Amino acid sequence: MVALHTYSTFSFLHGVIPVQKLVERAKLFSLSAIALTDIEGMYGHVPFFKAAKEAGIKPILGAKLYLGASRDDYVIILAKNVTGYGLLCRLITQIKLSSLSIQQLAAKPDLHHVIIITPNLEYYSELPDDANIFYEIPLYMADKRSLETKLYETRERGIRGVITNPVVFLEKQDFLLQKVVSAIRQRKTLETLSAENHCDAANYFLDPAILENRFKEYREYLDNSDLIASQCNVDLEIGKYKYPVFPNDGVSSNESRLASLCYAGMHQRYSEIKDVHTQRMEMELSVIRDLHFVDYFLIVWDIVREAKRRGMMLIGRGSAANSMVSYCLGFTEIDPIKHNLYFERFLNKSRTSPPDVDLDFSWRERDEIVKYVYDKYGYERVAMISTTVTFRARSAFRETAKVFGFSNDQITPLAKAIPWTSAGNLENLPDLYPESKNLPFKEEPWKQIAGIASKLAGFPRHLSIHPSGLVISPANITNFVALEFASNKGLGLVITQPDMYSIEDIGLVKIDLLSQRSLGVLRDTLSRLQENRK
């Protein structure tokens, strides 16, 4: 059997299962495959894919998309292949940036690359006849009478059905934790949280043997989960890089162009060219060509050239200073020959990951150069990278206490006594930190609150923007990842759902353009000096 319908902590307070534990439970029950179907999100797909593959379990990648206001107005989309995965990325992006209706879904040309599961029979008349659709009977609503009714309806209409076990929390005893995170998400207390606003108490990871015994009369509905799993074969190609392509000038190859630029820069940097310079340059260019990083260096060169053309202050930092190519292209200002710096610390033939050239810009000018990158390479290919903001001790305690009905006036004095530490330490804070010794965490109700809040350690709270990283894709970026607005969406900033670690895992290339306040201070100082000299 397979599990078709699971959420994780990556679904941002919809589910409370770390993907590693999700996979471990699937392995415990000897499941051959498991699906991750977070709500309108693909945040956890990459770590889930890696964990499942490592455990020898087939990962099925999907998402649950709400198309209306009702609890049953949703579809579960499972990708059958990489084309279907790209469609899923675009559907989620559309939902996050605007909206998606059943009519818009039905009009998509690639529906045969996905499997659609829904409990809404009305959607069947909207979707095309060749769509691969299954009627869902979730475990929590499958009492015998309703099941018989649904079976009759679907069989009369020739509709295939599948019984699912929507997994939102791991163990039965985790239901209270799930209610707490639902209340946090909706900014409600446990008292005001209605039954419609959180999952069912039966949404834990059930032993498949119980399912098999309970629904043995409807064997085909259980077998359909295996049929679905057999059709889902997405490979995220972890570690295979998808390099962006620098626009070719049509006169020479990009390899020749990079070499010409480097030698032109060498003649500008050095008054006398010696063998040590040409030998070092040839060695570095050879490594760059062999590792297929030519376009990356041309893109960074293009960004640096444009910034200097606009009179911006910038400086390259980090191990890129060990490179003569970086020095001659103007990324850095340190002569690696003069200072005997080893190129291998920056790049070598044993390295498989892309180089990391960090460019610092004035904090006042950085957004301008980011916009240039978007304009140059296309808004459909460029996106800022997200970072996941997780619960720490203070935020976990504060949010949990609010859910239990306590006011800010009651919470704040206690929160101020909590140090900046992991939420996992909350229960033992009075014993660990002198400043927390008077916290009443060994007395009720604070003991229970601290205990629940400690379980939020590392849970995602919301997405924010990586301080420097953006990604340039070789094709439409939503072929590979879903996008959404950052938490400060009033600014209209669109970011990738996966964070930088997942971005790197699936092979998209990150470029770091940093905002440096000190360069802004230098800029202002130089401007004032020039003014005073007039």
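Just one of the listed residues (234, 245, 276, 300) is among the β-branched types (Val, Ile, Thr), over 28 Å from residue 366 (Cβ atoms) and under 27 Å from the mean Cα position of the chain (by Cα), and it is 234.
Within segment 479-497, the presence of a residue that is at pLDDT 90 or above, over 30 Å from residue 94 (Cα atoms) and of a type in the set (Gly, Ala, Ser) is excluded. Counted as qualifying within segment 254-360 are the helices (runs of 4 or more DSSP H) with 3 or more residues that are within 22 Å of residue 523 (Cβ to Cβ), namely 294-309. Which residues, counting only those in segment 318-359, are closer than 19 Å to residue 267 by Cα and free of Cβ contacts under 8 Å to residues at least 40 places away in the same chain? Within segment 318-359, 321, 322, 323, 326, 331, 332, 333, 334, 338, 339 qualify.
Consider residue 326 carefully, then state whether it is over 29 Å from the mean Cα position of the chain (by Cα) and of a type outside the set (A, V, I, L, M, F, W, C).
Numbers: over 29 Å from the mean Cα position of the chain (by Cα): yes; of a type outside the set (A, V, I, L, M, F, W, C): yes.
Here the answer is yes, as residue 326 does meet what is asked.
For segment 17-34, check the following and say yes or no: at least one residue is assigned to a helix (DSSP H, G or I), β-branched (Val, Ile, Thr) and either open to solvent by 10 Å² or more (accessible area, probe 1.4 Å) or without any contact (Cβ under 8 Å) to a residue 24 or more places away in the chain (or both). So far as segment 17-34 goes, yes, one or more of its residues are assigned to a helix (DSSP H, G or I), β-branched (Val, Ile, Thr) and either open to solvent by 10 Å² or more (accessible area, probe 1.4 Å) or without any contact (Cβ under 8 Å) to a residue 24 or more places away in the chain (or both). Every condition in (1) in contact (Cβ under 8 Å) with a residue 60 or more places away in the chain; (2) under 19 Å from residue 511 (Cα atoms); (3) open to solvent by 20 Å² or more (accessible area, probe 1.4 Å) holds for residue 301 except the one numbered (1).
Residue 118 passes all but one of (1) open to solvent by less than 30 Å² (accessible area, probe 1.4 Å); (2) over 20 Å from residue 63 (Cα atoms); which number fails? Result: residue 118 passes all but (2). Inside segment 316-357, residues that are open to solvent by less than 80 Å² (accessible area, probe 1.4 Å), over 21 Å from residue 256 (Cβ atoms) and of a type in the set (S, T, N, Q) make up a count of 5.
Taking the conditions (1) touching a helix residue (DSSP H, G or I) at 6+ places or on another chain (Cβ under 8 Å); (2) surrounded by 14 or more Cβ atoms within 10 Å (Cβ to Cβ) in turn, residue 273 satisfies each one other than (2). Residues in segment 224-236 that are surrounded by 13 or more Cβ atoms within 10 Å (Cβ to Cβ) and either acidic (Asp, Glu) or touching a helix residue (DSSP H, G or I) at 6+ places or on another chain (Cβ under 8 Å) (or both): 226, 234, 236. Beta carbons closer than 9 Å, at least 6 apart along the sequence or on distinct chains, pair a first residue in segment 229-254 that is over 30 Å from residue 133 (Cβ atoms) with a second that is of a type in the set (Gly, Ala, Ser) and modelled with pLDDT under 90 for 239/353; 241/353. The number of residues in segment 137-168 that are outside any strand (DSSP E or B), among the hydrophobic types (A, V, I, L, M, F, W, C) and modelled with pLDDT of 80 or more comes to 2.
If you filter segment 206-253 down to residues that are acidic (Asp, Glu) and not in a helix (DSSP H, G or I), you find that the one that is nearest to residue 281 (Cα to Cα) is 249. Name every residue in segment 358-405 that is open to solvent by less than 10 Å² (accessible area, probe 1.4 Å), under 14 Å from residue 303 (Cβ atoms) and within 22 Å of the chain's Cα centre (by Cα), in order of residue number. Passing the criteria: 373, 382. Taking segment 418-443 as the range and being touching a Lys or Arg at 6+ places or on another chain (Cβ under 9 Å) and surrounded by 14 or more Cβ atoms within 10 Å (Cβ to Cβ) as the test, the residues that pass are 418, 419, 421, 422, 423, 424, 427, 429, 430, 441. Selection of segment 64-79 for residues being crowded, with 23+ Cβ neighbours inside 10 Å and farther than 11 Å from residue 118 by Cα yields 78, 79. Residues in segment 241-252 include at least one that is under 27 Å from residue 295 (Cα atoms), among the aromatic types (Phe, Trp, Tyr) and open to solvent by 40 Å² or more (accessible area, probe 1.4 Å).
The values are calculated or read from the model by the stated rules, or taken from the named source; none is laboratory data. Keep in mind that this is a model prediction, so the values were computed, not measured. Cβ sites come from the backbone with ideal geometry, for glycine too, and all protein chains shown count toward neighbours. Each accessible area value is taken on the protein alone, full model and side chains, heavy atoms only, with ligands, DNA and RNA left out. Shrake-Rupley method; radii C 1.70, N 1.55, O 1.52, S 1.80 Å.
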